[in-house]
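Structure first, then comments.
The values are calculated or read from the model by the stated rules, or taken from the named source; none is laboratory data. What you see is a predicted model, and the numbers here were worked out from it, not measured in a lab. A quick note on method: Cβ atoms are made from the backbone with ideal geometry, for glycine too, and the neighbour counts reach across all protein chains shown. Areas reflect the complete protein model, heavy atoms only, side chains present, ligands, DNA and RNA absent. Shrake-Rupley method; radii C 1.70, N 1.55, O 1.52, S 1.80 Å.
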Amino acid sequence: MSGRPVVVLLPGLLCDAGVWAHQARALERDAGVVIPGFYGFDSIAAMARSVLDAVPGRFALAGHSMGGRVALEVVRQAPERVERLALLDTGVHPRKPGEETSRQALIDLARSAGMAALAARWLPPMVHPDRVADRALMEPLTAMVCRATPAIFEGQQRALLDRPDASGQLAAIRCPTAVIVGRQDGWSPVAQHEPIAAAIPGATLTVIEECGHMATVERPEAVTEALLAWLRREPEGSRAC
């Protein structure tokens, strides 16, 4: 990847490189693409350190869902390394009251009934309601969930429960930033992204129509178009995040 720009794509909870397949194919024409994995981690900070250790130099950084929180932690740990930032279907708030109970119920389900049972309960609310019966969408997502294990799931859930409050760092971000969200994202709604985009100087907000939380696979063309526009934006000066 020497001499080429590098784009790092961070997956979310229980997700792997498959959720970025469409975007990676498009971006690979002009950039080196790296998609780290977060199996075996139980801390957002450790996930961020693993990204910085795995990818040398400066890079553009996009994170989906949990990956967006990791992206913000990467920026917090090493702002000089991040040339551009994209946050997709994510949030910046810390743990909410009652959240541990709901996440623990899913952990218990995975341990008692297996990952297929978890997928059957967890995935439907993550997509647009009209896509729940779409086998072409749901079967690959289910297979992805089943590639993980209950222990992997529990570690990532612990990381999310202990996530930092990232709201205070948004105003200091100076690199070209895109905030992208599905219109029908019921997990991380549009209303959650509007203040994020407003707090980051010069950030753009793109709402993907007819799309739930799994935007990169539900509306891959629209997400890819938004990311290409983000990469084409001229930065103001040469500062990183």
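Assorted remarks:
- Looking only at residues in segment 127-146 that are closer than 27 Å to Ala46 by Cβ and surrounded by 14 or more Cβ atoms within 10 Å (Cβ to Cβ), the one that is farthest from the chain's Cα centre (by Cα) is Cys146.
- Total residues in segment 59-88, condition among the charged types (D, E, K, R) and touching a Cys at 6+ places or on another chain (Cβ under 9 Å): 4
- There is at least one residue in segment 101-116 that is of a type in the set (Gly, Ala, Ser) and open to solvent by less than 30 Å² (accessible area, probe 1.4 Å).
- Candidates Val34, Val6, filtered to the one that is out of contact with any helix residue (DSSP H, G or I) (no Cβ under 8 Å at 6 or more places or on another chain) and β-branched (Val, Ile, Thr): Val6
- Only residues that are within 22 Å of His64 (Cα to Cα) and basic (Lys, Arg) were counted across segment 105-128, and they come to 1.
- Summed over segment 53-75, residues that are buried (at least 17 other Cβ atoms within 10 Å of the Cβ) and in a helix (DSSP H, G or I) total 10.
- Number of residues in segment 196-225 that are farther than 19 Å from Gln169 by Cα, open to solvent by 20 Å² or more (accessible area, probe 1.4 Å) and in a helix (DSSP H, G or I) equals 5.
- Where Arg103 falls short, out of the listed (1) within 16 Å of Leu161 (Cα to Cα); (2) out of contact with any Asp or Glu (no Cβ under 8 Å at 6 or more places or on another chain); (3) touching a residue at least 60 places away in the same chain (Cβ under 8 Å): (3)
- When the criteria are applied in full, Glu139 fails the requirement of being assigned to a helix (DSSP H, G or I) and touching a residue at least 12 places away in the same chain (Cβ under 8 Å).
- Some residue of segment 30-49 being of a type in the set (Asp, Glu), outside any helix (DSSP H, G or I) and surrounded by fewer than 19 Cβ atoms within 10 Å (Cβ to Cβ): yes
- Subset of segment 168-183 that is outside any loop (DSSP other than H, G, I, E, B) and farther than 17 Å from Asp89 by Cβ - its residue that is nearest to the chain's Cα centre (by Cα): Gln169
- Selection within segment 76-96 - touching a residue at least 12 places away in the same chain (Cβ under 8 Å) and either surrounded by fewer than 21 Cβ atoms within 10 Å (Cβ to Cβ) or of a type in the set (D, E, K, R) (or both): Arg76, Gln77, Ala78, Pro79, Glu80, Arg81, Glu83, Arg84, Asp89, His93, Pro94, Arg95
- Scanning segment 76-91 for residues that are in contact with a helix residue (DSSP H, G or I) (Cβ under 7 Å, 6 or more places away or on another chain) and of a type outside the set (S, T, N, Q) yields Arg76, Ala78, Arg81, Val82, Arg84, Leu85, Ala86, Leu87, Leu88, Asp89, Gly91.
- Some residue of segment 185-195 being open to solvent by less than 10 Å² (accessible area, probe 1.4 Å), at pLDDT 95 or above, among the hydrophobic types (A, V, I, L, M, F, W, C) and not in a loop (DSSP other than H, G, I, E, B): no
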